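Peer 1: Sending over a structure as structure tokens; questions will come in a sec.
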Amino acid sequence: MKILILSEAYPSPGNLYAMGFVHSRSLEYLRLGHELTVLSFAAQRAYEFEGVRVRTAADIRALPDAGSGFDIVFSHAPNVRNHLRFLNDFPALPLVFFLHGHEVLLTLRHYPAPFAFDRSPGERLGRLARAAYDPFKLLALRRFCQRQLAAGRRLGLVFVSEWMRRETVAASPWMARQRDLPARVIPNAVNHVFLDGHYTAPQTPDADFVCIRPFDNPKYAIDQVAEWARQCPELSFHVFGKGRYFDINPPPPNLKVFERFVAQAEIPALLDRYRACAMPTRLDSQGVMSCEMASYGAPLFTSDMDVTREVLGGFSNVRRLPVGGAVADELRRVPPPLPSDDAARRRFHGPRLAAEELAFAADIAQRPRAVLLP
């Protein structure tokens, strides 16, 4: 299969963190023998990254008979500005939308308010603008899909969790009425480095807990990590990431801040230096990094939410804590690591999930012309 992948951004030697979940899929598709090209709307020039061809929109448009050079399009987190406009020019290609979160969720309903230090007039205006834009983006996606289906385009949807599917349909009920809009729930795979090895508990840990998070986005709940540390002064916490949060909110004495990002390939060795991971959340469509830590086998504490119950249920090394309130007793009881042969380690296995996505795509490509329902 020859696949064209649309992504708002993509990893490069100068930016290893841009939509890495798209890159993980790309590598698996290549390993399974498929051809692919990634269109990164953020790219300024063509390049290759770890064997993946990355091109600009202008590069793809300049190809002779570009539409005939691919069998299917995978569009990750489709937006109006780039994805939908580009896809209108290639109406014959079968299309799969991968829905990851912000492109179909509602700002005021789903996203937590910013931290107090971020509530400037400009930020408040931006949040209101995003909320006002939400109905437009959902209407644009609806009209795009309806036009494509009416024209006979073969189209499918992939959600990264059942929670994601449920919330998307709640915001866009028309999706559930389209007989010719097949959908699957297929989670993001974890990076292979978390399955190639297995967590080893340290004899002399650097600290009790490690957290890897952006600091200033409240959905990642770095304030909850600080609160966990305050509730357990006898336990130690190390936090890796960047942001202003701890400049404005000094950490408790038992929490040490390391202002740097950690490359994905380095994370397993880092986890081996700690007794457990502290990864609370206020919003996740899946929570890939928590899934990676859990799959690696490290003991993990996260928040008790619908989506964490769904994606991390069955991991004996995971404890879900109530949002807010006293959690010290739970934090003091670190669960044992996940056994290396536990079946839960296969839940987010890249080759298996990539094969599921490709099988779904092949089914979409072979479907007869769509019939639009009102």
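Peer 1: Over region 75-144, calculate the relative contact order: mean separation of alpha carbon pairs under 8 Å at least 6 apart, over the residue count, as a percent. Numbers along the way, then the final one.
Peer 2: On the way: 39 pairs, mean separation 28.5, N = 70.
So the answer I get is 41 percent.
Peer 1: Can you bin region 310-365 into rounded, prolate or oblate? Criterion: square roots of the alpha carbon gyration tensor eigenvalues sorted a ≥ b ≥ c, rounded for a/c under 1.5, prolate for a/b above b/c, oblate for the rest.
Peer 2: Working: a/c = 6.20, a/b = 2.22, b/c = 2.80.
Judged from the Cα gyration tensor, region 310-365 comes out oblate (a/c at least 1.5, b/c at or above a/b).
Peer 1: Using Cα-Cα distances under 8 Å and only pairs 6 or more residues apart, what relative contact order does region 1-78 have, in percent?
Peer 2: Values: 130 pairs, mean separation 32.2, N = 78.
This gives 41 percent for region 1-78.
Peer 1: Also: Restricting everything to alpha-carbon atoms, can you work out Rg to Rh for region 232-285 with a Kirkwood hydrodynamic radius? Can you show the working numbers first?
Peer 2: Numbers: Rg = 12.5 Å, Rh = 12.9 Å.
Reported Rg/Rh, Kirkwood definition of Rh: 0.97.
Peer 1: With a cut-off of at most 14 other beta carbons within 10 Å, and DSSP calling the residue loop, which GluC sites (Glu not before Pro) in region 203-278 qualify? Please list them. Write out the running numbers ahead of the final one.
Peer 2: Working: sites: GLU227, GLU234, GLU259, GLU266; in loops: GLU234.
The qualifying sites are GLU234.
Peer 1: Using a ≥ b ≥ c from the Cα gyration tensor of region 70-197 (square roots of the eigenvalues), is it rounded, prolate or oblate, where a/c under 1.5 gives rounded and otherwise the larger of a/b and b/c decides, a/b for prolate? If you can, show how the numbers build up before the last one.
Peer 2: Values: a/c = 1.89, a/b = 1.29, b/c = 1.46.
Because a/c hits 1.5 or more and a/b fails to exceed b/c, region 70-197 counts as oblate.
Peer 1: Let me ask something else. Which whole number of Å³ per residue matches the convex hull of the alpha-carbon atoms in region 193-348? Before the final figure, lay out each step's value.
Peer 2: Details: hull volume 16.0 nm³, N = 156.
Normalising the Cα hull of region 193-348 by residue number yields 102 Å³.
Peer 1: What do the square roots of 5 times the Cα gyration tensor eigenvalues come to for the chain, in whole Å, largest first, as semi-axes of the equivalent ellipsoid?
Peer 2: On the way: eigenvalues 274, 108, 78 Å².
Whole-Å semi-axes of the equivalent ellipsoid: 37, 23, 20.
Peer 1: So how long is each side of region 153-219 along the principal axes, counting just the alpha-carbon atoms, biggest first, in Å?
Peer 2: On the principal axes, region 153-219 reaches 57, 31, 17 Å in Cα extent.
Peer 1: Cα centroid distance between region 148-173 and region 321-337, in Å?
Peer 2: With region 148-173 and region 321-337 each reduced to a Cα centre, they are spaced 36 Å.
Peer 1: Diagonalise the Cα gyration tensor of region 3-130 and give the resulting equivalent ellipsoid semi-axes, square root of 5 times each eigenvalue, largest first, whole Å.
Peer 2: Working: eigenvalues 185, 59, 39 Å².
Each semi-axis is the square root of five times an eigenvalue, giving 30, 17, 14 Å.
Peer 1: Further question on the same structure: Let me check I have the definition right: for region 1-70, take the eigenvalues of the Cα gyration tensor, multiply each by 5, take square roots. What are those semi-axes in whole Å, largest first? Intermediate values should be presented prior to the final figure.
Peer 2: Details: eigenvalues 66, 50, 15 Å².
Here the semi-axes work out to 18, 16, 9 Å.
Peer 1: Separate question: Build a GNM of the chain with springs between Cα atoms under 10 Å: which of ALA150, ALA116, ALA42 gets the top mean-square fluctuation?
Peer 2: Taking springs between Cα atoms under 10 Å, the residue moving most is ALA116.
Peer 1: Of all DSSP beta bridges located in the chain, what percent are antiparallel, nearest 5? Walk me through the numbers before you get to the answer.
Peer 2: On the way: 4 of 47 bridges.
Of all bridge pairs located within the chain, approximately 10 percent are antiparallel.
Peer 1: What distance in nm separates the simple spin-label points at ARG309 and ALA42, each placed 7 Å from Cα in the Cβ direction?
Peer 2: 3.4 nm
Peer 1: Give the separation of the Cα centroids, region 342-357 to region 1-72, in Å.
Peer 2: 22 Å
Peer 1: Tell me, in nm to one decimal, what length is gained between HIS102 and ARG130 on full extension, where the rule is 0.36 nm per residue of separation less the Cα-Cα distance? Walk me through the numbers on the way to the answer.
Peer 2: Details: separation 28, 0.36 × 28 = 10.08 nm, distance 1.05 nm.
Answer, rounded to one decimal: 9.0 nm.
Peer 1: How big is the Kirkwood radius of region 103-262, worked out from every pair of different alpha carbons and given in Å to one decimal? Don't skip to the answer; put the middle values down first.
Peer 2: Numbers: mean 1/r = 0.0512 Å⁻¹.
Final number for the Kirkwood radius of region 103-262 is 19.5 Å.
Computed from the coordinates by the stated procedures, all read-outs in this text should not be read as laboratory data. On a predicted model such as this, the values are computed, not experimentally measured, just so you know. All Cβ positions, even for glycine, are placed from backbone atoms using ideal geometry, and neighbour counts span all protein chains on display.
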